[in-house]
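The values are calculated or read from the model by the stated rules, or taken from the named source; none is laboratory data. Just so it is clear, the model here is predicted, and its values are computed rather than measured. In this analysis, Cβ positions are derived from the backbone assuming ideal geometry, glycine residues included, and neighbour counts consider all displayed protein chains.
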Amino acid sequence: MSLQQSTKDTGEFIDQTTEQDTGKRHTRLALYVKRFRRNVPAVIGLAVFLVLVLVAAFGWLLTPYAIADIDFMALSQPPNPTHWFGTNSTGLDLYSMTVHGLGRSLIIALAVAGLTIVIAAFLGALAAYRGGKTEAVILGVVNFLLVCPVFLLEAVIAQKSGGSWVWLIFVLTLFGWMVTARVIWQLSTSIREREYIAAARYMGVPGIVVVLRHMVPNIGSLLVVQFVLGIVSTVMSETALSFLGFGIKIPDVSLGSLLMDGQKVLSTTPWAFFFPAGTMMLLTVSVALMADGLRDALDPNSAAGGRA
Amino acid sequence: MAKYLIRQVLAWLVRIFIAVNLTFFVASAFLDPASNYAERRPPVPPEQIQRMLEPYNLSTNEPLWHRWWDWLTGIVLHWDWGHSPVGEVVNDQVSFRIGMSAQLMMGATIVAFVIGVALGVYSAARQYKLGDRVVQLISIVALNTSIVVVALVVVYLAIQINRATGSRIFFVTGAASIDVAGFWPSLVDKAQHLILPSICLVFISFAQYAMMQRSLLLDNIAADYVRTARAKGLPQAKAIRRHALRTSMIPVMVTFAFSIPAVFTGAMLSENIFAWNGMGQYMVQTILKNDINGAVAVAAFSSLMTAIGAVLSDLCVVWLDPRVRVS
C-alpha cells in the first residue's frame, strides 16, 4: 500500500514539473516504462508480441520454401527438420504459410486498429466538444450502426472482393469504429467541462484546433489502450471472416484461412491446424496482456497502478 | 417510465427499419442470385435464369426500386420475407432455426454467467493471492482466444477420446441422431450432441462476467457500508455476499441481459463448426448461396435482438437499482 501511495505522489509531482519545464518530458515516459515493467505478464506479452512481429517480418528468410512452393516429395508430412511445421496434403510448407499468414493478419490488424482509432477519436471528441446538433448527428449514426448487423454486412461486402486484404481493411474499418467512438465520446464529455478547454475557447481558438490539440491528447492513454484492444478484436474478426470463406482467399494466406484449411484435415494432419491456431493464440493473448499493462501504466488513477 | 419506454422502443424500431432496408440494398448490390444456376449442367442461358428468378422477386430484369417495393409490401402486408433463389421459403427456415439456436445457446449462456460470477467473487475475495492470479490468467486467455481455435481443439480432443474408447461418446456434428427412439435414449443422444458446442460457448463467454464481477466487487468491498457490516460483526464472506455483491452485480446483470439476444447470431462460428442448423449457420449459408431475402431476414432478426437487448438492459437497471429513476 505504501508503495502505491509513493508512486501516486511521484506521479503528481512529475506531472507538475513537466507542465512548467518541457525539457524534462522524458521523465514521464520513464515513469510509464517503470510502471509497465512492474506488470510481469504485460512484459511477457510485449516480448512475445515483438518476437511475433520479427518472425512475421523476417521469418521467410529461414526457410527455402515460399508459400506457393509445392514439395511433391513431402505430402502431409508431420513436422521435421526440412519442414518445421510439416506440410499439408498438397505439399505446401506450413511454416512459410504460417509466417505469411501471421504477417497478413498483423498488417490488417494494425491498419484497422489505427484507422478506427483515428476516426473514433476525431468524431467522439468532436461530438463531445461541439454538443448540440453535431453531437446528436454523430451519436445518431453511432447508435444506428450499433443496431446494424455488422458482421453480416462485412461478410456480404468482403466476399465480393475476391480475397483482397486491402478491401478487408476497408470493410473492417467502415463497420469497426463506432463502439470506440462511443467510449471516447463518454470520456470527452467530462473533459469538455475542464478549465483549459474553456480557456482555449475564450481565447478564440477554432473548434477543430481545440479538439485536435487539447481534447485528443488528454484522452491519449485511453486511445493507446483502445488501439491495442482494437488489434485483438480485428484479428478475431479477420479470422472469423477468413475462416468462413469471406475474407482472405487463395492465393493469399491469413491465419483465418489457414484455420479453415486445418479444420478439414483435423483428424488426419492435426499439425496443419495446431501451428496456425497456436500462433494466433500467442498473438491475441500477448496483445491483450500488453493492453492490460498499458492501461495500468498510463492511467494515474488506476487502482492497480503500482501494485501489480 | 412508460413514456420513456415507448419513446425508446419507437427510436429502436426506426433504427431497425433503416438498418434492414440498408441491408436489402447492400445485399442486392453484392449478392448475385443468378450465380446459383451458373453451375448447372447443361448450362442454363442467362435469360432463362432471370425468368426462373422472377417468381422469387430476384430477377434483375425488374428495376431494384420495384423489387424493393414488392419485398417491403410483402413483409408489411403478408409477413412474407420472400424466397431463396432456389425457392425455399425464408419464413419456414427462420422459424425453425430460431428454435435450434435457442436450444444450444440458452443453456450455455446461463452456465457461463453463473460460472463467471462465481469465479469473479472467488478471485475478488482473494485479491492478488494465488487463486486470484490463476483465475485472472485463465480469464484473460479465455477472453482472447478465438472460438474457432477453442472449438477445433475441443473437436480434436473429442475425436481422440472417441478413438481411444472405440465408441462414439461425443458427436462432433449435428443436433440429433435420426435413428434414436424413446425418451431416455433421445435425451442421452441430445446431451451427446449438445455437450461439445456448449463447452466452447461457455469457455469463451464466462471470462467477461468473471473479470467484470471481480473489478466491480473490488470497488465495493472497500465501501463504507461493507465496513459497517463488518463492524457490526458479520463475517467477511457474509458481508460480501449480502452487501457488496448485491450492488456490484447490477452492471453484470445488465451486461447479461444485453447479451441474451445477441447469443442467437453470436454462435455463428460454433454453429458452423458443429453443423448445428441454427440462425448463425443460416446467416453464413445465405451469403454463400447468394440468398438476398434470407440474408435480409437474418439481418432483421439480429437487429431486433440487439434492440431487445438494449431495452432489456435499460429495464434491468431500473428494476435492480433503486437509486435510478427514469423521468
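Among the candidates B:Asn277, B:Asn220, which residue alone is among the polar types (S, T, N, Q) and closer than 27 Å to B:Gln103 by Cα?
Working: B:Asn220 fails: closer than 27 Å to B:Gln103 by Cα.
So the residue among B:Asn277, B:Asn220 that is among the polar types (S, T, N, Q) and closer than 27 Å to B:Gln103 by Cα is B:Asn277.
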Sort out which residues of region A:66-79 are farther than 18 Å from A:Pro276 by Cβ and of a type outside the set (D, E, K, R), and write them in order of number.
A:Ile70, A:Phe72, A:Met73, A:Ala74, A:Leu75
Among all residue pairs at least 6 apart or on different chains, which show Cβ distances below 7 Å where the first residue, located in region A:84-104, is free of Cβ contacts under 8 Å to residues at least 60 places away in the same chain and the second is hydrophobic (A, V, I, L, M, F, W, C) and surrounded by 24 or more Cβ atoms within 10 Å (Cβ to Cβ)?
A:Thr87/A:Leu94
Identify all residues within region A:144-171 that are facing chain B (nearest Cβ under 9 Å) and in a loop (DSSP other than H, G, I, E, B); write none if there are none.
A:Cys148, A:Pro149, A:Lys160
Hey, does region B:43-56 have a residue that's of a type in the set (A, V, I, L, M), surrounded by fewer than 15 Cβ atoms within 10 Å (Cβ to Cβ) and more than 30 Å from B:Asp189 (Cβ to Cβ)?
no
Residues satisfying the stated conditions in region B:1-56, i.e. free of Cβ contacts under 8 Å to residues at least 60 places away in the same chain, within 11 Å of chain A (Cβ to nearest Cβ) and among the aliphatic types (A, V, I, L, M)
B:Ala11, B:Val14, B:Ile18, B:Leu22, B:Val26, B:Ala29
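Restricting attention to region B:77-94, and to residues there that are farther than 14 Å from B:Asn290 by Cβ and among the aliphatic types (A, V, I, L, M), which single residue is surrounded by the fewest Cβ atoms within 10 Å (Cβ to Cβ)? Steps first, please.
Taking region B:77-94 and keeping what is farther than 14 Å from B:Asn290 by Cβ, we get B:77-81, B:89, B:91-94.
This time we only want the ones that are among the aliphatic types (A, V, I, L, M), so: B:77, B:89, B:94.
Values: B:Leu77: 8, B:Val89: 15, B:Val94: 17.
This residue is B:Leu77.
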Over region A:53-72, the set of residues hydrophobic (A, V, I, L, M, F, W, C) and free of Cβ contacts under 8 Å to residues at least 60 places away in the same chain is A:Val53, A:Leu54, A:Val55, A:Ala56, A:Ala57, A:Phe58, A:Trp60, A:Leu61, A:Leu62, A:Ala66, A:Ile70, A:Phe72
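Tally the residues that are surrounded by 22 or more Cβ atoms within 10 Å (Cβ to Cβ) and either more than 8 Å from chain B (Cβ to nearest Cβ) or modelled with pLDDT of 95 or more (or both), restricting the search to region A:265-274. Give the steps one after another, and end with the answer.
Here is the first cut: in region A:265-274, the residues surrounded by 22 or more Cβ atoms within 10 Å (Cβ to Cβ) are A:272-273.
Those left that are additionally either more than 8 Å from chain B (Cβ to nearest Cβ) or modelled with pLDDT of 95 or more (or both): A:272.
Qualifying residue count for the region: 1.
Give B:Ser139, B:Ser123 a once-over and let me know the one that is within 12 Å of another protein chain (Cβ to nearest Cβ) and buried (at least 21 other Cβ atoms within 10 Å of the Cβ). Reasoning before the result, please.
Details: B:Ser123 fails: within 12 Å of another protein chain (Cβ to nearest Cβ).
From the options B:Ser139, B:Ser123, the qualifying one is B:Ser139.
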How many of the residues in region A:157-173 are over 18 Å from A:Ser257 (Cβ atoms) and either surrounded by fewer than 18 Cβ atoms within 10 Å (Cβ to Cβ) or free of Cβ contacts under 8 Å to residues at least 12 places away in the same chain (or both)?
1
All-but-one check, B:Ser101 against (1) at pLDDT below 90; (2) surrounded by 21 or more Cβ atoms within 10 Å (Cβ to Cβ); (3) within 30 Å of B:Glu54 (Cα to Cα), failing number (3)
Can you tell me how many residues within region A:249-264 are more than 8 Å from chain B (Cβ to nearest Cβ) and modelled with pLDDT of 90 or more?
7
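Looking only at region B:150-185, count how many residues are among the polar types (S, T, N, Q) and at pLDDT 85 or above. Step through it out loud before you land on a result.
Filtering region B:150-185 for residues among the polar types (S, T, N, Q) gives B:160, B:162, B:165, B:167, B:173, B:177.
Right, trim to at pLDDT 85 or above and you get B:160, B:162, B:165.
Qualifying residue count, region B:150-185: 3.
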If I filter region A:36-73 down to residues being β-branched (Val, Ile, Thr) and part of a helix (DSSP H, G or I), which single residue comes out as farthest from A:Gly293 (Cα to Cα)?
A:Val55
Which of (1) surrounded by fewer than 21 Cβ atoms within 10 Å (Cβ to Cβ); (2) at pLDDT 90 or above; (3) within 13 Å of the chain's Cα centre (by Cα) is the odd one out, the single condition B:Ala231 does not satisfy?
(3)
Would you check which residues across region A:234-248 are of a type in the set (Ser, Thr, Tyr) and either at the interface with another protein chain (Cβ under 7 Å from one of its Cβ atoms) or without any contact (Cβ under 8 Å) to a residue 12 or more places away in the chain (or both) and list them?
A:Thr239
Inside region B:151-174, the number of residues satisfying the requirement of being out of contact with any Leu (no Cβ under 8 Å at 6 or more places or on another chain) and under 18 Å from B:Asn277 (Cα atoms) is 2
Sort out which residues of region B:142-156 are of a type in the set (Gly, Ala, Ser) and crowded, with 22+ Cβ neighbours inside 10 Å, and write them in order of number.
B:Ser146, B:Ala151
